[in-house]
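Student: Dropping a structure here in structure tokens format, bear with me for questions.
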Amino acid sequence: MADELQYAKRLPARLQDLTGPTHGSVDLPLHVTWSGRCSYDVEQPRSRMSPYRTVLTEGQRQDLVAFLNRDLLLGQWPVLRSLVAVRLVPLAVVGGAAPRR
């Protein structure tokens, strides 16, 4: 339960707070993606999958707000949820801010 609470604390109060870019590329900071690739094109769904998964699992609240876009997240949630389910599924119960299944 402690892990779930830790993740819940990182979530913004509302999905509308996720105002990340919908066009171009993003460069994730080192505290989020500390090895390997850090620049991603967010316009293509397949390319967007990796940074979204990384930000969801490794980012802090300000990272979620800065790099995730509500509409893009909801569009990819059916696939993303299976990639991050181990960590985020309990949040639907704990925090209520995670996209629903």
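The values are calculated or read from the model by the stated rules, or taken from the named source; none is laboratory data. All figures in this text were calculated on a predicted structure; none of them were measured in a lab. Positions of Cβ are backbone-derived with ideal geometry, glycine not excepted, and every protein chain shown enters the neighbour counts. Each accessible area value is taken on the protein alone, full model and side chains, heavy atoms only, with ligands, DNA and RNA left out. Shrake-Rupley method; radii C 1.70, N 1.55, O 1.52, S 1.80 Å.
Student: How many percent of the accessible area of segment 1-75 is carbon or sulfur, using a 1.4 Å probe?
Tutor: 52
Student: On to the next question. Using 16 Å as the cut-off for backbone N distance, which residues of segment 45-79 belong to the label zone defined by a point 7 Å from the Cα of S25 along Cα→Cβ?
Tutor: Correct set: 45-52.
Student: Then there's this: From the Cα gyration tensor of segment 5-71, with a ≥ b ≥ c the square roots of its eigenvalues, which class applies: rounded if a/c is under 1.5, or else prolate if a/b is larger than b/c, or else oblate?
Tutor: In terms of gyration-tensor shape, oblate.
Student: Then there is this: Please name whichever of P29, L74, L64 sits farthest to the positive end of the charge dipole of segment 26-74, dipole taken about the Cα centre and charges placed at Cβ: Lys and Arg +1, Asp and Glu -1.
Tutor: Towards the positive end, the residue furthest out is L74.
Student: Also, quick follow-up: Taking a virtual spin label 7 Å from the Cα of D71 along the C-beta vector, which residues in segment 31-58 bring their backbone nitrogen under 19 Å of it?
Tutor: Within reach of a label on D71, which here means backbone N under 19 Å from a point 7 Å along Cα→Cβ, segment 31-58 contributes 41-49, 52.
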